[in-house]
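Input: a single structure, listed below in structure tokens.
The values are calculated or read from the model by the stated rules, or taken from the named source; none is laboratory data. Fair warning: this is a prediction, and the values are worked out from it, not measured in the lab. So basically every Cβ, Gly included, is an ideal-geometry build from the backbone, and we count neighbours across all protein chains shown. Quick note on the areas: whole protein, heavy atoms, side chains included, nothing else; ligands and nucleic acids left out. Shrake-Rupley method; radii C 1.70, N 1.55, O 1.52, S 1.80 Å.
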Amino acid sequence: MTYIAKPKFHHPGLKKNDLGYTHRDYEGKISTLCAGCGHDSITASIIEACYELSIEPHRVAKISGIGCSSKTPDYFLGNSHGFNSVHGRMPSVLTGANLANRDLIYLGVSGDGDSASIGFGQFAHSIRRGVNMTYIVENNGVYGLTKGQFSATADRGSKSKKGVTNTDNAIDLVAIALQLGATFVARSFSGDKTQLVPLIAAAIRHKGASFIDVISPCIAFNNHAGSTKSFDYVREHNDAVNRLDVLVGRDPIAVDYAPGTVQMVEQHDGSKIALRKIDADYDPHDRLGAQTFLARHAAKGQIVTGLLYVDPDAEDLHEHLDTVETPLNTLEADTLCPGSAVLDKINASLR
Amino acid sequence: MSDKKPISSVNDFVVRFANVNGSGSASANEMFARAILRHGVPVSPRNIFPSNIQGLPTWYEVRVTEDGHLGARGGVDMMVAMNPQTWDKDVAGIEPGGYLFYDSTKPMPSTKFRDDITVIGVPLTAITNSTYTDPRQRQLFKNIIYLGALSALLEMDPKLIEQLIGEQYKGKEKLLSSNVHALHLGRDWALQNLKCPIGLRVKKSDKVGDRIFIEGNSAAALGAVYGGATVCAWYPITPSSSVAEAFTAHCKKYRHDPETGKAKYAIVQGEDELASIGIVIGASWNGARAFTATSGPGISLMTEFIGLSYFAEIPAVIMNIQRAGPSTGMPTRTQQCDIIACAYASHGDTKHVLLFPEDPAEAFEFAAAAFDLAERLQTTIFLMLDLDIGMNHRLCRPLKWDDAKQYDRGKVMTEEMLEEGRDFGRYLDVDGDGIPYRTYPGTHPTKGSYFTRGTSRDRYARYSEEGSVYADNMQRLVRKFETAQDLVPRPLQANAERPTKYGVIYFGSTSPAMDEAISMLEARGHQLDRLRIRAFPFHSSVASFLAEHDFVYVVEQNRDAQLRQLIVNENGIDPVRLVPIVHYDGSPITARFIAKAIGDHQDHLKVTPLRKAVS
């Protein structure tokens, strides 16, 4: 949503991926968000992840609601169809789009206002249905577009820019997603691209409801002392349980990992997630354990990041509904309409 | 005992069953209606039920109508009074000379009866208790026993009822034989102890022809199957739930891949109406034919998305089975009260296409057509049924389908068209009809993608808050709505035998009552031309009809004459020339009501010149 045209010039020597696409092919319009916004870092991570996975940009449908975060799909994958729907309703629109054509990749981008308030119900139900999607919440704990009100993810006791203390309890979307049966649950920090890019890549490859909560500081209204969503606070309280790498049948992606044990997770499509475990005791296949782990660390004011839970054998909504492999949007009258002979029989049965 | 001559009528009377909700009477009562149909005599049944599961009063009315009048008539010729709770009201509702059928196991004081009706007592409880020991069996078979007694009283052919029981319990021998036994228990008791037949009688006829007997909701659901709907998202609400349930049943039967057995459809029970329409819009945006079914309260919730559908130009089909509003209103009573709410749903300047089927046959046709219209016009299409059509069985012409028909997918720019270098502007009016081209997501690697949003944008889908750009877009939407006038079903006009300056406009489920009212009015000497509106936007013939008549009655089932408002608003006509005839107590409008209201007004018009002269 910008008035500024992006320069067409780019360096002729830009690196290309397996499809021959450069990073530029995964970019969108120039962001109109505030300089330094965490959301722009997430945009960059999405671009990086799609580039690394060699996804055809036009085979992605990017869907959002309303708000700062929901503007971001305009800033990546310029050759994809985007849908800026209505406030908090991204999940239902994405669900419908997914039902119509199971062959595309669905990226749902939302914010904490979008998903934890008006869209809390739709968030919950899309997760419990197992819609095959990557649902990213760009979580800054504040309403930026309306200038600084607390959102439902703002921590109790945290302060607004005006110095008001939040007395409401916070909604932890990761905890909710785990409880609702999301089969891929992660949390990350917009300032930690090393962790975030492979998380997004793994979520895209995951078949089922993938949910990533990304703490994304609002530079204008929530990056001050007293905020628990500021750059400084998150850096100081980030407790990463793992870092990962995604292998999709070719050379591993080179990322600098912290030392620790390695666990390989093979997903339904053969792709592998190499989990570099920082916390050697953390088991990302234990849903209940993840919930306890999260709660214990939250009580200490720590923000747990990394891949918190994954079910590599997840099913998605299409499998639950047992729909045909052919996308429903390509079916025509010859295969959908029972025809006049059947109608005659129906008529006869109604006399 | 009766001091009035008992009503005597063959194949033309109304029987009303008063029961307790949850007593299992519905299937016996429906069988009664079907049995009369099997005699070749048209019937028009209506469920009158409370918003409750068990215990409250429920009624089932069967109009037996040799002449084929399918609207509600009003009045009751025979009351089958099985609910002590409503006894007084039920007895009071019987026409003078009518009949009261009741369970005479326990004696009733004479004050509980009327002198001007014929009272027929059958000891139903005593008969059932002497035959059955199981309490549920006693309850269920009591209904079949009174059906048997009625068959004797009305001189119905028991073989035809046995045939129906046979069809209903095909393959369930035990149930079949026990039901037939119960039928004859009641029939034999009546034949041995009562004077049969009474004045009301069913005589075999040939007036049903090849017509079918189907509920509007089921027909609409079948229309969605034939119309190519592959995605249905819905949230349960009376009286629309049976649309989605019937669609599910039809799809299970007709929509599986023969090789894999997999479903060529997706049905999701949403968490609410908001999610349901959101799923429909997401699916339609992505090129699938999708619909939801709901009622007034659901429309209220969906309104935000309906505005998005209008402005972002995304197809959607909403089947609105109307009930009495506002708010929760009367959930199980019928009205045509969502006309304005649907025509202008959402904030800002919006207009939506409404289709008004008169019966299940049109519900089927219009439902199928709604998907073509939605994709052709890229907007929301409302199929405006109501409880009276939706949840009641109606006799209607057989459903028809042309196998040569292909779906109209509207203006969709393909990969090939983009490759040819066609200029793609998502909101570009290339043909002057206000309808732009769209592309499905995933069509082309570098061309044809766009960003869908509910904010203002230019012809190439680029965000813009320029006033001229916004106005240009809004004007195009007006052009598109004008285009819709010639795509939607046209009004049907029928003229009076003699030239007249009076006309009547009506729509939807009012139709059968209107047809009957016209003949009643003609008998009173009133001639009226009539126009049945079948869609909004209004075709130009509506304006012509208004211009050709001094006064036009607009008959509808809501308090505020909503269709009249819409006509006045859209045609700029002097409201004085449109006379509202409104009925809104939640019961279906009757021919008697229409004929009286119009007839009285016509009489009043005739004296107007005299009054003017006096003043």
Residue ranges of strands (runs of 3 or more DSSP E) in segment B:415-513 with at least 2 members more than 14 Å from chain A (Cβ to nearest Cβ): B:492-494, B:502-507
Yes/no for A:Ala314 being among the hydrophobic types (A, V, I, L, M, F, W, C), outside any helix (DSSP H, G or I) and modelled with pLDDT of 85 or more: yes
Odd one out for A:Asp279 among (1) at pLDDT below 85; (2) farther than 27 Å from A:Gly36 by Cα: (1)
Candidate set from segment A:20-57 (those that are of a type in the set (D, E, K, R) and over 27 Å from A:Arg235 (Cα atoms)); member that is surrounded by the fewest Cβ atoms within 10 Å (Cβ to Cβ): A:Arg24
Test for B:Gly503: is it at pLDDT 95 or above, open to solvent by less than 80 Å² (accessible area, probe 1.4 Å) and on the phi > 0 side of the Ramachandran plot: no
Residues of segment B:194-228 that turn out to be surrounded by fewer than 24 Cβ atoms within 10 Å (Cβ to Cβ), hydrophobic (A, V, I, L, M, F, W, C) and without any contact (Cβ under 8 Å) to a residue 60 or more places away in the chain, as a count: 1
Restricting segment B:506-532 to residues that are open to solvent by 30 Å² or more (accessible area, probe 1.4 Å) and of a type in the set (Gly, Ala, Ser), the residue that is nearest to B:His583 (Cα to Cα): B:Ser519
Set B:Phe371, B:Phe364, B:Phe382: member being more than 14 Å from chain A (Cβ to nearest Cβ), within 18 Å of B:Gly227 (Cβ to Cβ), open to solvent by less than 10 Å² (accessible area, probe 1.4 Å) and outside any loop (DSSP other than H, G, I, E, B): B:Phe382
Residue in segment A:165-186 that is farther than 21 Å from A:Gln291 by Cα, part of a loop (DSSP other than H, G, I, E, B) and free of Cβ contacts under 8 Å to residues at least 12 places away in the same chain present: yes
Residue among B:Val554, B:Val568 that alone is part of a strand (DSSP E or B) and open to solvent by less than 60 Å² (accessible area, probe 1.4 Å): B:Val554
Considering residues of segment A:134-149 that are buried (at least 24 other Cβ atoms within 10 Å of the Cβ) and of a type in the set (A, V, I, L, M, F, W, C) only, the residue modelled with the lowest pLDDT: A:Val142
Qualifying position, being open to solvent by less than 10 Å² (accessible area, probe 1.4 Å) and farther than 26 Å from A:Asp40 by Cβ, among A:Val164, A:Val131: A:Val131
Matching residues in segment A:314-341 - criterion: being among the small types (Gly, Ala, Ser) and more than 7 Å from chain B (Cβ to nearest Cβ): A:Ala314, A:Ala341
Options A:Ala298, A:Ala290: the member that is open to solvent by 20 Å² or more (accessible area, probe 1.4 Å) and not in a strand (DSSP E or B): A:Ala298
The lone exception for B:Glu30 - which of (1) charged (D, E, K, R); (2) farther than 22 Å from B:Ile117 by Cβ; (3) part of a loop (DSSP other than H, G, I, E, B) it fails: (3)
Filtered residue count, segment B:110-167, keeping only those that are among the polar types (S, T, N, Q) and not in a helix (DSSP H, G or I): 2
Selected residue (only one of A:Asp344, A:Asp269, A:Asp311 is of a type in the set (D, E, K, R) and within 14 Å of chain B (Cβ to nearest Cβ)): A:Asp344
Selection status of A:Pro57, over 15 Å from the mean Cα position of the chain (by Cα) and within 14 Å of chain B (Cβ to nearest Cβ): yes
Tally of residues being open to solvent by 80 Å² or more (accessible area, probe 1.4 Å) and closer than 15 Å to B:Ile36 by Cβ across segment B:122-177: 3
Matching residues, segment A:63-83, being at the interface with chain B (Cβ under 9 Å from one of its Cβ atoms) and under 21 Å from B:Val231 (Cβ atoms): A:Ile63, A:His81, A:Gly82, A:Phe83
Residue under evaluation A:Asp103, criteria (1) within 13 Å of the chain's Cα centre (by Cα); (2) within 13 Å of another protein chain (Cβ to nearest Cβ); (3) not in a helix (DSSP H, G or I), criterion not met: (1)
Elements of type strands (runs of 3 or more DSSP E) contained in segment A:205-266, each with 3 or more residues being at pLDDT below 90 and within 23 Å of the chain's Cα centre (by Cα): A:242-247, A:261-266
Helices (runs of 4 or more DSSP H) lying entirely in segment B:214-323 (those with 1 or more residues that are more than 11 Å from every other protein chain (Cβ to nearest Cβ)): B:216-226, B:241-254, B:296-312
Selection from segment A:171-191 of residues that are touching a Ser or Thr at 6+ places or on another chain (Cβ under 9 Å) and open to solvent by less than 40 Å² (accessible area, probe 1.4 Å): A:Leu173, A:Ala182, A:Thr183, A:Phe184, A:Val185, A:Ala186, A:Arg187, A:Ser188, A:Phe189, A:Ser190
Qualifying positions in segment B:35-48 - crowded, with 21+ Cβ neighbours inside 10 Å and within 18 Å of B:Gly390 (Cα to Cα): B:Val43, B:Ser44, B:Pro45, B:Arg46
Single unsatisfied condition, B:Thr328 versus (1) within 11 Å of chain A (Cβ to nearest Cβ); (2) open to solvent by 10 Å² or more (accessible area, probe 1.4 Å): (1)
Qualifying residue in segment A:277-284 (condition: part of a strand (DSSP E or B), more than 14 Å from every other protein chain (Cβ to nearest Cβ) and either more than 19 Å from the chain's Cα centre (by Cα) or of a type in the set (Lys, Arg) (or both)): yes
